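One structure is given here, and the rest of the page talks about it.
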Amino acid sequence: MTKTNAMRLLESAGIEYETLEYEVDENDLSGVNVCKKTGKDKDTVFKTLVFHGDKNGYGVCCIPAYDELDLKKCAKAFGEKKVDLIHVKDLLKVTGYIRGGCSPVGVKKQFPTVIDETATLFDKIYFSGGQRGLMLGVNPLEAAEYIGAEFADITV
């Protein structure tokens, strides 16, 4: 396995992580499918979403794979009046990552980040390792501290 930028950054910060590889289905890049492929608890697998706010620009949210982002709660958590998810075609330009491989660690610029508060219920959560077919299992508190993320209720 080739180390990704997310893996190198976590290592340089002294944060332990578990790697989890799975077979990618290009026709279904959903977090739900990742849960099925990896066999991990649906509440511990998180997807990374990127939005643009009306005042402060871009931000990153990590929510459980089976959940939906509540745009109003998200806006409130980021001090915005309104937020909209960015279009998938803009993801690479904004983050350096592609759909299905977007990680909250190692984005081009570290945007303000909020992780759904349910992550604090677990010793380990899984999010993309920076490429399709790779998840990283990390302690949510350590990951949040490293990327400067906060925890909030941001799902429907």
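A few notes on this one:
- Consider the stretch 34-83 and keep the residues that are of a type in the set (Phe, Trp, Tyr) and under 16 Å from ALA149 (Cα atoms). The one that is nearest to the chain's Cα centre (by Cα) is PHE46.
- Residues satisfying the stated conditions in the stretch 20-42, i.e. surrounded by 11 or more Cβ atoms within 10 Å (Cβ to Cβ), farther than 18 Å from VAL138 by Cα and free of Cβ contacts under 8 Å to residues at least 40 places away in the same chain: ASP25, ASP28, SER30, VAL32, ASN33, LYS36, LYS37
Yes or no, residue by residue, for (1) of a type in the set (S, T, N, Q); (2) in contact with a helix residue (DSSP H, G or I) (Cβ under 7 Å, 6 or more places away or on another chain); (3) at negative phi:
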| residue | (1), (2), (3) |
| --- | --- |
| HIS52 | no, no, yes |
| TYR66 | no, yes, yes |
| LEU71 | no, no, yes |
| ARG99 | no, yes, yes |
| GLY106 | no, yes, no |
| VAL114 | no, yes, yes |
| THR120 | yes, yes, yes |
| SER128 | yes, no, yes |
| LEU134 | no, no, yes |
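- The number of residues in the stretch 1-19 being crowded, with 16+ Cβ neighbours inside 10 Å and part of a helix (DSSP H, G or I) comes to 5.
The numbers here are math on the coordinates, done by the rules we state, and not lab data. All values derive from a computational prediction rather than experimental measurement. In this analysis, Cβ positions are derived from the backbone assuming ideal geometry, glycine residues included, and neighbour counts consider all displayed protein chains.
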